1. Could you give the length gained on full extension between residue 621 and residue 494, defined as 0.36 nm per residue of separation minus the Cα-Cα distance, in nm?
2. Once both labels are modelled 7 Å past Cα along the beta-carbon direction, what's the residue 648-residue 461 spacing in nm?
3. Could you work out how far apart the two model spin labels at residue 332 and residue 110 are, taking each label as a point 7 Å from the Cα in the direction of the beta carbon, and quote it in nm?
4. If amide hydrogens are placed 1.01 Å from N in the peptide plane, which non-local residues have theirs closer than 5 Å to the one on residue 478?
5. Nearest 10 degrees, 0 to 90: what angle lies between the long axis of helix 648-664 and the longest principal axis of the chain (Cα atoms)?
6. Which parts of the range 1-19 would a label at residue 166 reach, counting a residue when its backbone N lies under 11 Å from a point 7 Å out along Cα-to-Cβ?
7. Over the chain, with every protein chain in place, what whole percent of the accessible area is carbon and sulfur at 1.4 Å, could you tell me?
8. Relative contact order of the chain, please, whole-number percent, based on alpha carbon pairs below 8 angstrom and at least 6 residues apart.
Amino acid sequence: MTLETSIEYVKGVGPEKAKLIRNVLGISTVEDFLNFFPLRYLDKSKIHKVAQLHEVSTEVQLKGKITSVQEIQTGKTKRLSAKFNDDTGAMDLVWFQYSKWMKEQLPINKEIYIFGKINVFNSQFSMPHPEIEIDEKKEADNRLKPIYPSSEKLTKRGLNQKFFQNVLRTICMEIPNLIQENFPDYLMKAFKFLSRQHTYLNIHFPKDAEHFKKADYRLRFEESFFFQLGYGLKKIHHKSHTAGNPFPIVGDYFNNFYQHHLPFDLTGAQKRVLKEIRQDMKRPIQMNRLLQGDVGSGKTMVALLTMLIAKDNGFQSCIMAPTEILAQQHYNGIKELLENTEVNVKLLTGSIKKSDRKIIHEELENGELSILVGTHAVLEDKVKFKNLGLAIIDEQHRFGVAQRAKLWAKNKIPPHILVMTATPIPRTLAMSFYSDLDVSVIDEMPVGRKPIITAHRREKDRAYVYNFCREEIQKGRQVYFVYPLIEESETLDYKNLMTGLENVMDNFPKYNVTMLHGQMRPEEKDAAMGYFASGKAEIMVATTVIEVGVNVPNASVMVIESAERFGLSQLHQLRGRVGRGAEQSYCILMTSDKLSSDSRTRIKTMVETNDGFKISEVDMQLRGPGDILGTQQSGVVDFKRLDLINDSAIIKITKSTVEKILTKDPLLINPDHQILKNYYLRQYKGKNKWSKIS
Ligand code: ADP
Ligand code: MG
C-alpha cells in the first residue's frame, strides 16, 4: 500500500464501493482516506448514570442490567422494549422493528454496557437501538471512537460507520510505511509536535483527549504553515520577476506639501503605513499592496502623499473610486488640499463633458496632468497616460481582479498598485484572502474623535427618536435617515423610501430635507449632496448609495431604518458616515419587534462595539469567510481544519516561523529545509507557478 494506491484495493472496499465513495465523497486514494477526518468522536471512557441524564445529552454510555423485556403492539407494528436499571434509576431501551432474534439475544440480569443516543419523551428518558456490550467481553480499549461524515445514501449501501472505521483501521496499520515526517527536527523540538505518524493515528483513533488535541494542533499548524510557505515562496517569485518603476526620491512636491499644507499631524499608523509604502516603491519591483483602515481612519491622506511621491519621481498617478459621488468627493478634497501647489489634478467620470474629456485625454498623454481622479471611466482604453506610475483603487470590494489587471496594462512597466479598503478583515486573515497582495493596516483613529454612541430602537420609540433628532438639529447638527434598498424588492423599497421621506417631512416641517438614491441622475445626486454638505438641508433621506466614503463632518446622527435588513459590514459603513467631526455622534438602529437570531446578533454587535475588526470577525462567524468578499475574489482559500477566526494564534506563529525560514533560506536549499520543500512540492505540484523555480 502506498499513498497513491486506489481505495479499491484496500481490504473491505472493492470496486463497487470504491466507485460510490469516489463519486459521493471525492475520495479515490489511500491518501485521500487518511485526510478524511472524523467529524467527532464517541467517548466510551465515561460512564453516565440514569439519574444524571439531562435533556441535551448526545451519545452516552451507561452500565447496568436489563431487568425485563416486553413486546409492544400498536396497530400493525410491533416493537421491542426493555427495562434498563443502574443503581440510580431506570429507563426504557427501544427497538422499533421487532425481531425475535433480537429479543432472544438480549442479556437479562447480566452486567452490560449500553451506548447510544438519549430520547426524551414526557420527561422520560429512553434509548432507541442501543449498542450493547456484555461486561466480560468489553474490550479494554479506551480509545475515542471516530464518527465520519456520512450520508443516508451511503449508510443504506453498506458504508456505515463500522465500514469507515474498519477501512481507516486497516489503513492506519500501514501508517509506518505511508507517512513521512514533513517538519525538520529543529521545528519538531521547538514546538514539541507529535510525530506525523502519531498525528494521523490519533486523529482517526485518538488514544485519549490529550493525544487528540496534540494531533489536531499539529494538523492545523501544518495547514497554516504550508499555506504561508507557499505564500512566501510566491512572493519571492513575484519579486524576482515583476519589474516596476523604482521611486527612489522623496522630493519637493512631497516635502513642500508635508511641511506647509498638511492640515493636521498624521497619526502614528498613517506614518507607519506610509513608510511601508515608500520602502516598497523604492525598489525596481512592482508594488501590490492592500491598505486596510476602518472608516474614517484617514486613508485618503495616505493616498495623496503616495501620489506626491510618484510625482517627485516624474510619474503620473490615478485614484479610482467605485461611485461618482465618491470620486467627486475625492476630487474636491484633493483639489482643495493641493490648492496652493503646482500639482495638476482632474476628475474623469462618465458624466464629464466630451470637450473636457478631450482635454483630460490630451493632458494625460502629454504628461501635463499629474493626478487623475475618477470612476471606472479611467479604465477605458481611450484613457492613455504618458507614464502612469501609481494606481490607487479605493474601496476595493467593488473592484475585481480583472479590473486591476486592466490598470496594469496602462503602462509598459506596470504601475505600482495600492488598493484601499474599509472592509476590515482581521489582519491574520487578510493575506489568505488577498494572497497576491502585501498588507498595510491603519489601526489607529485620528485623535479627538469621540466614539459613536449606538442604540437599538423599535417602532414604539419613533416619537422619541424624532425628538432626539430635533434636539441635535437645534444644536446645529445634521441627520441622515437611511432606508434599505435591496434589488429583489426594488419597487417596494422605493415605496418605503418615499413613504419614509413623507414621514420625515411631516415630522420635521421646520427643516429642509433632501434625498439621495441610486436612480437619480449624476447631476441630481451632486445637487442633493451639495445641498446637504453645505448645510442648507438639515436632513438627508437616502438609500445605501451614501454607504461608501461620503464625508459631511457636521452630520451627527445616523438613523438606519429596518436595520435588521442590512448586513453587518453595511451597518458599520453607514455608521461611519457620522462621527467625522469633533461633536458627539449617534447611530440609531430602528428595527421591527421580531428579529431572527442572526439579526439580533448583528444589532447587538453594532451597539456594543465601534471596532471594525471585531465587527468583521462576527460577520465572518455569521456568514463564513468565503461569503464576505464574494466570488470576485478568486483565491479565497478553503482550509480543511484550520479555522481562520479561532486559530489566529496558530496563524500568527506559523507566519513568523515561515518568515524566519524564508529570510535565511529563500530557496529552501539548507538540508534541514529539504524536507519542507519536498513536501510542499509534492502537495502543490501543478497548482503553483512557483514549482517552476524549484
Ligand atoms: P477613510 O479612511 O474612511 O477614507 P478619510 O481619509 O476620508 O477616511 O478621513 C476621514 C476624515 O479624517 C477626513 O475628514 C480627514 O481629513 C480626517 N483625517 C485624516 N487623517 C487625519 C489625522 N491624522 N488627523 C486628523 N484628521 C484626519
Ligand atoms: Mg475613504
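The values are calculated or read from the model by the stated rules, or taken from the named source; none is laboratory data. Note that the coordinates shown come from a computational prediction; the quantities given were computed from them, not determined experimentally. Please note: Cβ atoms are built from the backbone with ideal geometry, for glycine as well, and neighbour counts cover all protein chains shown. In case anyone asks, the SASA skips ligands and DNA or RNA and just uses the protein heavy atoms, side chains included. Shrake-Rupley method; radii C 1.70, N 1.55, O 1.52, S 1.80 Å.
1. Numbers: separation 127, 0.36 × 127 = 45.72 nm, distance 3.15 nm.
Extra length from residue 621 to residue 494 when fully extended: 42.6 nm.
2. Inter-label distance under the simple model: 2.9 nm.
3. In this crude spin-label approximation the distance works out to 8.7 nm.
4. Long-range HN contacts for residue 478: 555, 556, 557.
5. 70
6. Answer for this model: 11-14.
7. In the chain, the share of accessible area belonging to carbon and sulfur is 50 percent.
8. On the way: 1122 pairs, mean separation 80.3, N = 694.
Relative contact order for the chain comes out at 12 percent.
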